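Asker: Before I ask anything, here is the structure I am working with.
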Amino acid sequence: MSSEPQQHHKVAIVTAGGSGMGAAAARKLAEDGFRVAILSSSGKGEALANELGGIGLTGSNQSNDDLKKLVDRVIAEWGRIDVLVNSAGHGPRAPILEISDEDWHRGMDVYLLSAVRPSRLVAPHMVAQGGGAIINISTFAAFEPDPVFPTSGVFRAGLAAFTKLFADQYARHNVRMNNVLPGFIDSLPEKEAFRERIPMGRYGRTAEIAATIGFLASDGAGYITGQNLRVDGGITRSV
């Protein structure tokens, strides 16, 4: 039998993976046989990585230095990066004209550049090894802007454009990028007013988002790139 170590030791990095959907994605990828490295600012990601037998770093996806430190360590210890999952924290919220310049810039850091920075670091490794998959956790509000999430909707619409440009350029290298667009998910406290808007009548489960990410990271999704996959219980109406 020929040994194919990359099939047994695929490697995934999850940013902002200390809690919520990022943590659920890390657990799912570990279940699927990935070695998992997690970046988180809270320390929870480092603890989860230890639990999963992976690499954890307490740091920020808004710091190129922290991200580089994690990527360098992963390459030094495991030699490859097959999957990058970009999660994010929460950006500023306010009525649309009450958001300051500073908060718009912070929103761009939280929701757009948090995916651009790690992709910039990871893509060359994926190209060199012959392929890889990047999955960004976005929002249903990327295409149907919601006043509840103003900076998220604006900058994740930008993330959709970035994703298409990245996918166009890197498809020939077998490096894919897709966005998952969650609706209201149970990692946040439920609100009756939000639940009433959802055709399925319930919040989504973090496990359902994680399973979607697991699929997009898998060989079965090998022909999917540049896409925005809604996982929102039907809350968005556009076709």
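Asker: Looking only at residues that are part of a loop (DSSP other than H, G, I, E, B) and among the β-branched types (Val, Ile, Thr) in region 201-239, which one is farthest from residue 30 (Cα to Cα)?
Answerer: 239
Asker: Looking at (1) crowded, with 16+ Cβ neighbours inside 10 Å; (2) within 20 Å of residue 12 (Cβ to Cβ), can you tell me which one residue 127 breaks?
Answerer: All conditions pass for residue 127, except number (1).
Asker: Confirm whether residue 183 is over 18 Å from residue 144 (Cα atoms) and of a type outside the set (Ser, Thr, Tyr).
Answerer: no
Asker: Could you list, in sequence order, all residues of region 163-200 that are among the aliphatic types (A, V, I, L, M), open to solvent by 40 Å² or more (accessible area, probe 1.4 Å) and not in a helix (DSSP H, G or I)?
Answerer: 188, 200 - these are the residues of region 163-200 that are among the aliphatic types (A, V, I, L, M), open to solvent by 40 Å² or more (accessible area, probe 1.4 Å) and not in a helix (DSSP H, G or I).
Asker: Right, another one. Could you say whether any residue in region 140-154 is free of Cβ contacts under 8 Å to residues at least 60 places away in the same chain, farther than 21 Å from residue 14 by Cα, assigned to a loop (DSSP other than H, G, I, E, B) and open to solvent by 70 Å² or more (accessible area, probe 1.4 Å)?
Answerer: Within region 140-154, one or more residues are free of Cβ contacts under 8 Å to residues at least 60 places away in the same chain, farther than 21 Å from residue 14 by Cα, assigned to a loop (DSSP other than H, G, I, E, B) and open to solvent by 70 Å² or more (accessible area, probe 1.4 Å).
Asker: Pairs only if they're at least six apart or on different chains, beta carbon under 6 angstrom, first in region 4-21 and modelled with pLDDT of 95 or more, second among the aromatic types (Phe, Trp, Tyr); list them, first residue then second.
Answerer: 10/34; 11/78; 12/34
Asker: Identify all residues within region 12-67 that are more than 20 Å from residue 90 (Cα to Cα) and open to solvent by 70 Å² or more (accessible area, probe 1.4 Å); write none if there are none.
Answerer: Result: 27, 31, 32, 35, 50, 51, 65.
Asker: Kindly indicate whether residue 77 is touching a Pro at 6+ places or on another chain (Cβ under 9 Å), of a type in the set (D, E, K, R), without any contact (Cβ under 8 Å) to a residue 40 or more places away in the chain and open to solvent by 50 Å² or more (accessible area, probe 1.4 Å).
Answerer: In short, no.
Asker: Continuing with this model, one more query. Among the residues of region 96-116, which ones are touching a residue at least 12 places away in the same chain (Cβ under 8 Å) and not charged (D, E, K, R)?
Answerer: 96, 99, 104, 107, 108, 110, 111, 112, 113, 114, 115, 116
Asker: Are any of the residues in region 83-95 within 26 Å of residue 185 (Cα to Cα), assigned to a helix (DSSP H, G or I) and touching a residue at least 40 places away in the same chain (Cβ under 8 Å)?
Answerer: Checked region 83-95: no residue is within 26 Å of residue 185 (Cα to Cα), assigned to a helix (DSSP H, G or I) and touching a residue at least 40 places away in the same chain (Cβ under 8 Å).
Asker: Can you tell me which residue in region 201-239 is nearest to residue 83 (Cα to Cα), limited to those that are β-branched (Val, Ile, Thr) and open to solvent by less than 10 Å² (accessible area, probe 1.4 Å)?
Answerer: Result: 213.
Asker: When you scan region 104-111, do you find a residue that is open to solvent by less than 30 Å² (accessible area, probe 1.4 Å), modelled with pLDDT of 95 or more, part of a strand (DSSP E or B) and not acidic (Asp, Glu), even just one?
Answerer: So far as region 104-111 goes, no, none of its residues is open to solvent by less than 30 Å² (accessible area, probe 1.4 Å), modelled with pLDDT of 95 or more, part of a strand (DSSP E or B) and not acidic (Asp, Glu).
Asker: Keeping to region 112-139, report how many residues are part of a helix (DSSP H, G or I) and under 22 Å from residue 72 (Cα atoms).
Answerer: The number of residues fulfilling the criteria is 17.
The values are calculated or read from the model by the stated rules, or taken from the named source; none is laboratory data. Values in this document were obtained by computation on a predicted structure and should not be read as measured data. Glycine gets a Cβ as well: all are built from the backbone with ideal geometry, and neighbour counts include every protein chain shown. Note: areas computed on protein heavy atoms with side chains; ligands, DNA, RNA excluded. Shrake-Rupley method; radii C 1.70, N 1.55, O 1.52, S 1.80 Å.
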